[in-house]
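The values are calculated or read from the model by the stated rules, or taken from the named source; none is laboratory data. Remember, predicted model here, so these are calculated numbers, not experimental data. For neighbour counting, all protein chains shown are included, and Cβ atoms are generated from backbone atoms with ideal geometry for every residue, glycine included.
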Amino acid sequence: MDAVVDPTIFRLAIFVLAVFVGYYVVWSVTPALHTPLMAVTNAISSVIIVGALLAAAAHGAPGGSAGASVWISKGAGAAAAALASVNIFGGFLVTQRMLAMYRKKDKAPSK
């Protein structure tokens, strides 16, 4: 007798495990590595922007009547582009702030 697992339960279990692994990986990173990781996150978000722009520029099948599905794709693509751009710009701001912590501070001349 073969035991078959429902695909929804299987995917939910993978998601829960990914959440735990992600949590422990992120919180075990030393502060010195946060800036390079932010740069990688920005690069990943830029790939998401490309996909979002492609989705936002979706056209229906030639000669077909796609109707609502094209508008849903355009709306989801625009929303994804907006959210990913917020992520990118926020990541750059955080990266600049973290790099500013390592700059030498100029001392005021003493009188």
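Free of Cβ contacts under 8 Å to residues at least 40 places away in the same chain, touching a helix residue (DSSP H, G or I) at 6+ places or on another chain (Cβ under 9 Å) and surrounded by 11 or more Cβ atoms within 10 Å (Cβ to Cβ) - does that describe any residue in the range 26-35?
Yes.
Any idea how many residues of the range 1-27 are under 18 Å from residue 98 (Cα atoms) and more than 15 Å from the chain's Cα centre (by Cα)?
1
Every residue, every condition in (1) aliphatic (A, V, I, L, M); (2) under 24 Å from residue 34 (Cα atoms); (3) modelled with pLDDT of 85 or more; (4) surrounded by 15 or more Cβ atoms within 10 Å (Cβ to Cβ), yes or no:
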{"site": "55", "(1), (2), (3), (4)": "yes, no, no, yes"}
{"site": "63", "(1), (2), (3), (4)": "no, no, no, no"}
{"site": "66", "(1), (2), (3), (4)": "yes, no, no, no"}
{"site": "73", "(1), (2), (3), (4)": "no, no, no, yes"}
{"site": "76", "(1), (2), (3), (4)": "yes, no, yes, no"}
{"site": "79", "(1), (2), (3), (4)": "yes, no, yes, no"}
{"site": "85", "(1), (2), (3), (4)": "no, yes, yes, yes"}
{"site": "90", "(1), (2), (3), (4)": "no, yes, no, no"}
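Output the qualifying pairs, or none if there are none: Cβ atoms under 7 angstrom, residues six or more apart or on different chains, first residue in the range 75-93 and closer than 13 Å to residue 43 by Cα, second residue of a type in the set (Val, Ile, Thr).
Every condition considered, the pairs that remain are 84/48; 84/49; 85/49; 91/41.
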